[in-house]
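Read the structure below first, then the notes.
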Amino acid sequence: MGIRIAGTGSYLPEKVLTNSDLEKIVETTDEWICTRTGIKERRIAEANVPTSDLAAKAAEAALAMAGIGAEQLNAMSVASITQDKIFPSTACIVQRKIKASNAFCFDLQAACSGLLYSLEVAKSILLTHPEYKYFMVIGAEKLSSIVDWQDRSTCVLFGDGAAAILLEKTEDDENCFIGSKLGSDGNYADILQIQAGGSDTPASHETVDKKMHFMKMDGQAVFKLAVNAMVGACRETMEKCGVHPSQIKWLVPHQANYRILKTVAAKLDISEENVYMNVHKFGNTSAASIGLCIDEIVRGGKIQKGEYMLLTAFGGGLTWGATLVKW
Ligand SMILES: CC(C)(COP(=O)(O)OP(=O)(O)OC[C@H]1O[C@@H](n2cnc3c(N)ncnc32)[C@H](O)[C@@H]1OP(=O)(O)O)[C@@H](O)C(=O)NCCC(=O)NCCS
């Protein structure tokens, strides 16, 4: 039995928020944002549009590419840090919206590494259950809903969007996911988090007054840990699979910041022209970012059969990982 990617899809809200728009909201400049992050603009969903709306549109695009109906899905996961509600899962709400009535659905929480974690889970479920054929993996975020729009150190970084990858089990033994390495380290749980709203610190007037429902981040600590974690996971994955950096058609890193991406590529000895980047257009979209890149690559005809994509991510938790895909 093998696994292939039968379809990809993405959805980005129409509203564009540029760096010059941000100059009017917080004390920042286009020049500061561009030189520190590479981000020029990001998409922002309307106030009444939840993450599940973005996710449903991305999933429908992936189904259309594959030419199958939602009722054929056996399973569906949504990776997100901006779930519609604490419960039920966003995946169940997406199920209702796209009418995936035969799928079992669940959310997966690994912050910006969520898509890589989800692919690992989806692949394993498909390969261990003879009766399952299609698994929809979604990464979707409405980060504008958890950003403190008065905190210039975070609000310039993030954007909204969703991406879906439809996995299909095939009769042959060709598995497009040829190797991976996932990791996490809860000792760093505090450097990237939302402090309140969960069972540790339930919502109260005080938590709202103290803005504890917004994302908080130690940017410099994240930067250093991110580079080391992604480089280590990528090296281990390539070594395990016997694939040399020169064979990688696309390094597809989580789109957090172009300086992080360039540093990772340099340490891995992968040429910058083989690093896929769209962070300038969409900012950091957390669990959606790698899927947004893959959808652009696939729809743009930028990958041919037999070529390698090395996906890599890091995020809150901390979590990180690398996944090698043979197209
Ligand atoms: C956030 C990040 C871009 C900040 O860049 P940096 O070079 O580390 O900048 P610093 O935090 O040291 O801040 C430098 C100065 O810029 C200021 N600054 C912060 N945000 C600013 C903004 N949007 N505009 C202008 N100035 C800003 C700071 O206040 C600080 O001023 P000071 O020196 O007077 O105190 C960088 O740390 C980063 O990319 N980290 C990784 C974050 C990330 O990827 N997170 C997502 C994980 S999934």
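Here, each number is a calculation from the coordinates, and none is a lab measurement. Keep in mind the model is a prediction, meaning the values are calculated, not measured. For neighbour counting, all protein chains shown are included, and Cβ atoms are generated from backbone atoms with ideal geometry for every residue, glycine included.
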Problem - Order of 63, 54 under a 10 Å beta carbon neighbour criterion, fewest first - result: 63, 54
Problem - 222 nm mean residue ellipticity, helices alone, for the chain (DSSP H n ≥ 4; -39,500 (n - 2.57); rounded to 500) - result: -10000 deg cm²/dmol
Exercise for the section: Please report the base-10 log of the normalised intensity I(q)/I(0) for region 81-205, using a Debye sum with one equal scatterer per alpha carbon and no solvent, at each q in 0.20, 0.23 (1/Å). Expected result: -1.33, -1.53
Fill in the blank from the handout: In nanometres, the difference between 0.36 nm per residue of separation and the alpha-carbon distance of residue 236 and residue 208 is 5.8 nm
Practice task
Would you mind ranking 107, 190, 209, 30 by Cβ crowding within 10 Å, fewest neighbours first?
Solution key: 209, 190, 30, 107
Completion exercise
By the C-alpha gyration tensor axes a ≥ b ≥ c (rounded if a/c is under 1.5, else prolate when a/b exceeds b/c, else oblate), the shape of region 1-103 is prolate
Practice task
Please work out how much length the chain gains when fully extended from residue 71 to residue 200, using 0.36 nm per residue of separation minus the C-alpha to C-alpha distance, in nm with one decimal.
Solution key: 42.6 nm
Fill in the blank from the handout: Checked against a 22 Å limit on the C-alpha separation, the offending pairs among 85/281; 169/326; 15/40; 57/85 are 85/281
Completion exercise
Fraction of alpha-carbon pairs in region 177-326 farther than 28 Å apart, rounded to whole percent, equals 25
Completion exercise
Computed over region 266-327, the distribution of all Cα-Cα distances in 5 Å bins, rounded to whole %, is 4, 13, 25, 28, 21, 7, 2
Exercise for the section: Write down the Å³ per residue value for the convex hull defined by the alpha carbon atoms of the chain. Expected result: 130
Completion exercise
Fewest to most Cβ atoms within 10 Å: 65, 309 sort as 65, 309
